[in-house]
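Everything below concerns the one structure shown next.
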2 protein chains.
Amino acid sequence: MTVREYQKKRRRERIFQAAMALFRQQGFRETTATDIAKAAHVSRGTFFNYYPYKEAVLLEYGSLLLADLREEVRRRLAQGEDPLALLRYLFGRLAAFTQAEKDLLLPLLYELLNPDPIRAKAAFMALPLGDLIAEVLKPLRDKGVVRQDLSLERMGRTLADLYFLAALRWAAYTPNRDFGGEVEKSLSLALEGILARSQPAQVSRKSPKAKA
Amino acid sequence: MTVREYQKKRRRERIFQAAMALFRQQGFRETTATDIAKAAHVSRGTFFNYYPYKEAVLLEYGSLLLADLREEVRRRLAQGEDPLALLRYLFGRLAAFTQAEKDLLLPLLYELLNPDPIRAKAAFMALPLGDLIAEVLKPLRDKGVVRQDLSLERMGRTLADLYFLAALRWAAYTPNRDFGGEVEKSLSLALEGILARSQPAQVSRKSPKAKA
């Protein structure tokens, strides 16, 4: 790394830390780019060189958290842990993080749904939760535990979507409810499906499941 | 209905029609409240008396379409049509409408995710797709075809969410793909779940499904 690269990295780190501290102290909405630049001892223009918009700082934060989680999940998979139990663990961790970081999470989630396609795509690339879930599903698919007719990518993305939407709803409207329970139900619904897995005894076995 | 109420109703209708015509001619984004007021021969203030924001016109449009669909679904349910087939029909209709009305649909879907909770709630109330799906699931639940451990409301809302997200992604990023196929896959995933329904013959029957 050249001296120049090192300085850039240090400056980026300083801006990131200053921004996160301000978001936590005074709220994301209330923090302006000018506030961040001042706290990081850089010009406003320099801030925008590193982060084209405030939300990009949050994306980096989410991306780092997800990278940690990915590392842990991969290690545990390699150690032979049951992927289904690991998937539940992953959703539990997501729920715990969501509850702990609610105020930062909401603008992060909205960034995924930004009407500007370039920004939405940047958020989608920074937070590849669907890919991580697909990695956990892969050994299950190889064993035939997971259905074969849909791609791992689609299943991972759908599970990620269900988490994102549940988190968005919870943080925006019902932050006093237990979010862990919400996430568990979303996961159970997606894993087992809406159609009953076994028919109750008292009912005759007529069209027990869908054809599709 | 008094003369005054009748006049109000007529005026609302005129504003609605003028707005929808402009949205279709020149695009939703490009149409201002002033444009709509002018075309409907009312003042800008009068427009806002009837619709507090442009998107409220779209909500009314979506609400009318959904009411038609609900009436049809209820009639067919009452005639004894298979609810599961009807659910697939409903998703097919939603997909067809989405493809036909893409340009109007995108701002409508974003309204459901409006960061202003009052606006998001208004959109959610105007478009009770989850409730309609729950109505279709109810007879299936009574017969034991649908699982008993999650509420009909939750299952309906999740299916509606999967449609909304699929439509948003499709309209924003991949409008050239076949959306009907996308919706079918979402529905199949939610109905049957990610875990295989039956184990492939060559695999020994070890932990074939989740415990949760």
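The values are calculated or read from the model by the stated rules, or taken from the named source; none is laboratory data. Computed from a predicted model, the values in this text were never measured in an experiment. Note: ideal-geometry Cβ built from the backbone for every residue, glycine included; neighbour counts use all protein chains shown. Quick note on the areas: whole protein, heavy atoms, side chains included, nothing else; ligands and nucleic acids left out. Shrake-Rupley method; radii C 1.70, N 1.55, O 1.52, S 1.80 Å.
By Cβ position, the chain A residue that hugs the axis carrying A onto B most closely, with its distance in whole Å, is A:G193, 1. Counting, for every residue in B:136-146, the Cβ atoms of other protein chains within 10 Å of its Cβ and taking the mean gives 4.
Between the Cα long axis of helix A:129-142 and the first principal axis of chain A there is an angle of about 30°, rounded to the nearest 10. Projecting label points 7 angstrom from Cα along Cα→Cβ for A:E81 and B:Q148 puts them 3.4 nm apart. Angle of helix A:179-192 to the longest C-alpha principal axis of chain A, folded into 0 to 90 degrees and rounded to 10: 50°. Counting, for every residue in B:105-114, the Cβ atoms of other protein chains within 10 Å of its Cβ and taking the mean gives 2. If you plug the beta carbon distance of B:R197 and A:R74 into 1/(1 + (r/R0)^6) with R0 = 41 Å, you get a FRET efficiency near 0.90. With each label modelled as a point 7 angstrom along the Cα→C-beta vector, the A:T32-B:A67 pair spans 4.6 nm.
Of the residues B:Y173, B:Y110, B:Y51, ranked by 1.4 Å probe accessible area with the largest first, the sequence reads B:Y173, B:Y110, B:Y51.
Residues within the reach of a label modelled at A:E5 (point 7 angstrom out along Cα to beta-carbon, backbone nitrogen below 17 Å), restricted to segment A:51-92: there are none. Return one number: the angle in degrees, 0 to 90 and rounded to the nearest 10, between the long axis of the Cα atoms of helix A:83-100 and the longest principal axis of the Cα atoms of chain A. Helix A:83-100 sits roughly 40 degrees off the main axis of chain A.
Under 5 Å from the amide H of B:V146 lie the amide H atoms of A:A196, B:R141, each residue being 5 or more positions distant or on a separate chain, with H modelled from the backbone and absent for Pro and chain starts.
Between copies, the label points at A:Y53 (set 7 angstrom from Cα along Cα-to-Cβ) are spaced 1.6 nm, reported in nanometres from shortest to longest.
The peptide list A:133-146, A:21-34, A:154-167, put in order of mean Cβ contacts within 10 Å with the highest first, becomes A:154-167, A:133-146, A:21-34. Close Lys pairs in segment B:1-143, defined as Cα atoms under 29 Å apart and 8 or more places apart or on different chains, number 13.
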